[in-house]
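Have a look at the structure below before the remarks.
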Amino acid sequence: MTREGLPPGPRSALPQLLHMRDPFPYMRELATKYRSPVTVPLLGAPPIVLTWTPEGIRTIFGADPMSFGSAANEALSVILGSGSIFLQSGAAHRRTRKLLAPPFHGERMRAYAEIMLNAAERWSEKIPRDTVAPILPIAQGITLDVIVEAIFGEQDPARVAALHERILAVVAAFNPMIATFKLLQRELGGLGPWARFQARAKELHGVMLGLIEEKRSKPGDDVLSLLVAARDEDGSALSDREIIEQLLTFVIAGHETTATSLAWALYELHRAPDTLARLRAELAQADREGASAEALSKLPYLRAVVDETLRMHPPVPMITRKCVAPIELEGYSLPAGTYVAAGAYNAHCREETFPEPYAFRPERFVNKTFSPFEYLPYGGGHRRCLGAAFAGFELCVVLATLLRRAEFSLAEPKPVEHVFRIGTFGPATGVRLRRA
Ligand code: HEM
């Protein structure tokens, strides 16, 4: 598409290319050089019109859902399947959200608290002492176990571990190149990367089909049982394939985002001794009072630490939408076909909303809330993250458990950069810590 009528912005995609690994500095640079909205050229893809003011973001999140297409590109369908909620739009998307939302409502969190506490305790045993090691693999272990247990209702440690391994095998076999280039999607006698990916996916699907069968005869109160029992308006059930696609979406959307946020929280806390001391004091007081996991998730300073971490390190820094109808954005009439984005990271760095935005200050969230157009780590509007309450709860419970079970010091001599990992941005080094 041409740039005619689009807002000003850099002419070349070269800066984007140079900042491919860590685009956060480039996003900051855009906000200092241009006013919102800005047109950002991308290499090999149409430009994106990026806004970061509350007015611009309100326009995107408040628009008629029918003005936008699906949230993901075709590449994602290779790993999730074309029926994933990420790839749906319009009425089909609305129907799936209605179906999937109930198990993630705030009041259901008590049911997941034990799973989260146990996973955090189990994995904290695996953190080596007196050794420098990245914390991200531990965080990933916790969040993947939590999602597997909560979604599949699977509690048997051996079966949780087996599912965990199969999921990681699919993720490891996934290569963005095979997703992007159809030419590479060939079996090549069972030897190429596509064949390897297909083989791992088939193994995982086989295990999931077994679980679906089990839930048909013996339903529980997990997400899988709910999907198995779900009926459409015409009384028809979801097919096995549809169930598998939505389950995989939860696994992929829900574990890496939460894991990278945990790692960032530990990174920021160990760079700010006074903040860490204040949090430890709050946790010690909660221990004296015998606080439950649910009570932990309501501790004001712990919540604020989580909120501040997601402000500075949103795993999804731009919330992109493809317009299928024209849209008026901050004085520009954008035609159908334009890609627009709510700049979460840039909105989180606005001096007007968050003074001294590059300082880690959880205090700014104590007794203060921000509008969904100023603070948007979970996106917004008709596609706002379905797992937001689950993730916020999990981050509090797991962070509190790790800090209660271990003392750490940070072993990062230089500031840690962001890096792209399976759809989200996380810490490039995995955040190296030394456990005392
Ligand atoms: C810190 C953790 C998390 C962050 C920062 C996060 C962030 C996001 C963002 C930015 C979106 C896109 C929203 C939009 O387009 O407006 C999203 C969508 C989604 N997230 Fe999360 N997420 C997190 C954890 C989770 C968890 C734990 C689950 C599941 C248990 C989950 C399930 C989903 C689903 C299903 C969608 C698709 C919603 C739709 O397209 O309608 N997320 N998330």
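The values are calculated or read from the model by the stated rules, or taken from the named source; none is laboratory data. Keep in mind the model is a prediction, meaning the values are calculated, not measured. Neighbour counts are summed over all protein chains in view; Cβ atoms, including those assigned to glycine, are modelled from backbone coordinates with ideal geometry. When the accessible area is computed, the model is the full protein with side chains, heavy atoms only, and any ligands, DNA or RNA have been set aside. Shrake-Rupley method; radii C 1.70, N 1.55, O 1.52, S 1.80 Å.
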- Cα coordinate range in the chain, projected on the principal axes (Å, largest first): 61, 53, 44
- Could you tell me the accessible area of Phe420 in Å² (1.4 Å probe, neighbours in place), rounded to the nearest ten? 120 Å²
- Note on the structure: With label points set 7 Å from each Cα along the Cα-to-Cβ direction at Glu412 and Tyr34, the distance between them in nm comes to 2.9 nm
- Note on the structure: To the nearest 20 debye, region 295-345 has a Cα-centred charge dipole, built from +1 on Lys and Arg Cβ and -1 on Asp and Glu Cβ, of 220 debye
- Given charges at Cβ of Lys, Arg, Asp, Glu: the chain dipole, positive-most of Gly62, Leu144, Tyr339: Tyr339
- Task: Just reorder Met318, Met27 by solvent-accessible area, largest first, 1.4 Å probe, all chains present.
- Result: Met318, Met27
- Query: Using a 1.4 angstrom probe with every protein chain in place, what is the largest-first accessible-area order of Lys126, Lys298?
  - Reply: Lys298, Lys126
- Query: Want the number for Ala172 to Ala295: 0.36 nm per residue separation, take away the alpha-carbon distance, what's left?
  - Reply: 40.6 nm
- How big is the C-alpha Rg of region 78-192 next to the rule-of-thumb value 2.2 N^0.38 Å, as a ratio? 1.36
- Query: With each pseudo-label sitting 7 Å past Cα toward Cβ, what's the Ala92-Gln155 distance in nm, one decimal?
  - Reply: 3.7 nm
- What is the total of Lys pairs in the chain with C-alpha atoms under 26 Å apart, excluding same-chain pairs fewer than 8 positions apart? 10
- Query: So if we plug the beta-carbon distance of Lys368 and Glu114 into 1/(1 + (r/R0)^6) with R0 = 22 Å, what FRET efficiency do we get, rounded to 0.05?
  - Reply: 0.10
- Note on the structure: Counting only protein heavy atoms and leaving out ligands, DNA and RNA, the solvent-accessible surface of Arg432 at a 1.4 Å probe, in Å² to the nearest 10, equals 90 Å²
- Which of Asp130, Asp222, Asp232 is most accessible, then next, and so on - probe 1.4 Å: Asp130, Asp232, Asp222
- Which trypsin sites (Lys or Arg not before Pro) from region 314-422 combine a DSSP loop assignment with at most 11 other Cβ atoms within 10 Å? Lys368
